[in-house]
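Report on the following structure.
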Amino acid sequence: MMKYRLPEIGDKDILQKYVKEHHDNGEAGVSASVGLAATEYSEWVEKIRRNAAGGDEQWGRSLLYLCFDEDRLVGLLSIRYELPEDLSLKLGDIGYGVRPSERGKGYATEMLRYALAVCKEKGRQEVILGCYKDNPASAATIKKNGGVLINESNGYNEGRISQYYRIMLDS
């Protein structure tokens, strides 16, 4: 059974190993990490906790969860449930990433399902998710959870085409 929680100061080692695994896999960025690799760790934890408690003027309140299967960190889940509409359509309301060694095991689907339940609980009626067009696994995860393609764009991501999906949340 998956466990979800906000990061803590004591998580620094497991998160460094998580980031290293992505880099060792040839990935420059770490999905849903909200700048983890580029920020001093304690400042990053403080920012995540501040965004969960009171939010930020531009982004509103958001959650960044560490996702565990037993005691193993398998992914990160970003739930931006108060994003203004223009940012929602550009960045998406939910982001997730699974460590390379754990991909293809259904974690992303389970993480997204959890995020949708959180968004519904927070009063959202729909969410927007984005993924790169050259990432068919992520697109399949979104579609499996009810996503319908609404737009494609190459304006934000170094020339890579992004696809944007809408998921309606049942009342």
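The values are calculated or read from the model by the stated rules, or taken from the named source; none is laboratory data. Computed from a prediction, not measured in an experiment: that's the story for all the values here. Heads up, the Cβs are rebuilt from the backbone with ideal geometry, glycines too, and the neighbour counts pull from every protein chain shown.
In a helix (DSSP H, G or I) and either among the small types (Gly, Ala, Ser) or touching a residue at least 40 places away in the same chain (Cβ under 8 Å) (or both): which single residue out of 4, 18 fits that description?
18
Does residue 69 satisfy being closer than 24 Å to residue 16 by Cα, in contact with a Phe, Trp or Tyr (Cβ under 8 Å, 6 or more places away or on another chain), charged (D, E, K, R) and modelled with pLDDT of 95 or more?
Yes; evaluated as a whole, the condition is true for this residue.
Suppose we filter 159, 95, 104 for residues that are within 27 Å of residue 19 (Cα to Cα) and assigned to a strand (DSSP E or B); which single one remains? Step through it out loud before you land on a result.
Working: 159 fails: assigned to a strand (DSSP E or B); 104 fails: assigned to a strand (DSSP E or B).
Of the residues listed, the single one that is within 27 Å of residue 19 (Cα to Cα) and assigned to a strand (DSSP E or B) is 95.
So, in region 115-128, how many residues would count as being surrounded by fewer than 14 Cβ atoms within 10 Å (Cβ to Cβ) and either in a strand (DSSP E or B) or in contact with a strand residue (DSSP E or B) (Cβ under 9 Å, 6 or more places away or on another chain) (or both)?
Filtering region 115-128 for residues surrounded by fewer than 14 Cβ atoms within 10 Å (Cβ to Cβ) gives 117, 121-123, 125-126.
Filter once more, keeping what is either in a strand (DSSP E or B) or in contact with a strand residue (DSSP E or B) (Cβ under 9 Å, 6 or more places away or on another chain) (or both): 122, 125-126.
Residues meeting the conditions: 3.
Scan region 73-83 and give yes if some residue there is surrounded by fewer than 21 Cβ atoms within 10 Å (Cβ to Cβ) and closer than 24 Å to residue 14 by Cα, otherwise no.
Within region 73-83, one or more residues are surrounded by fewer than 21 Cβ atoms within 10 Å (Cβ to Cβ) and closer than 24 Å to residue 14 by Cα.
Any residue at all in region 90-98 that's within 26 Å of residue 152 (Cα to Cα), surrounded by 20 or more Cβ atoms within 10 Å (Cβ to Cβ), within 15 Å of the chain's Cα centre (by Cα) and among the charged types (D, E, K, R)? Walk me through how you get there before you give the answer.
Quick first cut of region 90-98, residues within 26 Å of residue 152 (Cα to Cα) only: 90-98.
Subset that is surrounded by 20 or more Cβ atoms within 10 Å (Cβ to Cβ): 92-98.
When the remaining residues are screened for being within 15 Å of the chain's Cα centre (by Cα), the result is 92-98.
Okay, now just the ones that are also among the charged types (D, E, K, R), so 93.
Yes, that holds for at least one residue.
The conditions are (1) out of contact with any Ser or Thr (no Cβ under 8 Å at 6 or more places or on another chain); (2) polar (S, T, N, Q); (3) under 29 Å from residue 20 (Cβ atoms), and residue 88 fails exactly one of them. Which is it?
Residue 88 satisfies all of (1) out of contact with any Ser or Thr (no Cβ under 8 Å at 6 or more places or on another chain); (2) polar (S, T, N, Q); (3) under 29 Å from residue 20 (Cβ atoms) except (3).
Does at least one position in region 145-167 carry a residue that is modelled with pLDDT of 95 or more and at positive phi?
Yes, some residue in region 145-167 is modelled with pLDDT of 95 or more and at positive phi.
Looking for whichever is within 18 Å of residue 65 (Cα to Cα), at pLDDT below 95 and more than 12 Å from the chain's Cα centre (by Cα) here; the options are 83, 87. Which one fits?
Answer to the selection: 83.
Any residue at all in region 57-69 that is more than 17 Å from the chain's Cα centre (by Cα) and within 18 Å of residue 114 (Cβ to Cβ)? Spell out the reasoning first.
Just the residues of region 57-69 that are more than 17 Å from the chain's Cα centre (by Cα), to begin with: 57-58.
Still in the running and within 18 Å of residue 114 (Cβ to Cβ): none.
So far as region 57-69 goes, no, none of its residues is more than 17 Å from the chain's Cα centre (by Cα) and within 18 Å of residue 114 (Cβ to Cβ).
Quick check: anything in region 129-145 farther than 21 Å from residue 2 by Cα, of a type in the set (Gly, Ala, Ser) and part of a loop (DSSP other than H, G, I, E, B)?
No, every residue in region 129-145 fails to be farther than 21 Å from residue 2 by Cα, of a type in the set (Gly, Ala, Ser) and part of a loop (DSSP other than H, G, I, E, B).
Select, from 3, 105, the only residue that is over 20 Å from residue 138 (Cα atoms), out of contact with any Pro (no Cβ under 8 Å at 6 or more places or on another chain), modelled with pLDDT of 95 or more and exposed (fewer than 15 other Cβ atoms within 10 Å of the Cβ).
From the options 3, 105, the qualifying one is 3.
Tell me which residues, restricted to region 54-80, are in a strand (DSSP E or B) and among the acidic types (Asp, Glu).
Residue satisfying the conditions is 69 alone.
Looking only at residues that are within 20 Å of residue 105 (Cβ to Cβ) and in contact with a Phe, Trp or Tyr (Cβ under 6 Å, 6 or more places away or on another chain) in region 28-66, which one is surrounded by the fewest Cβ atoms within 10 Å (Cβ to Cβ)?
32
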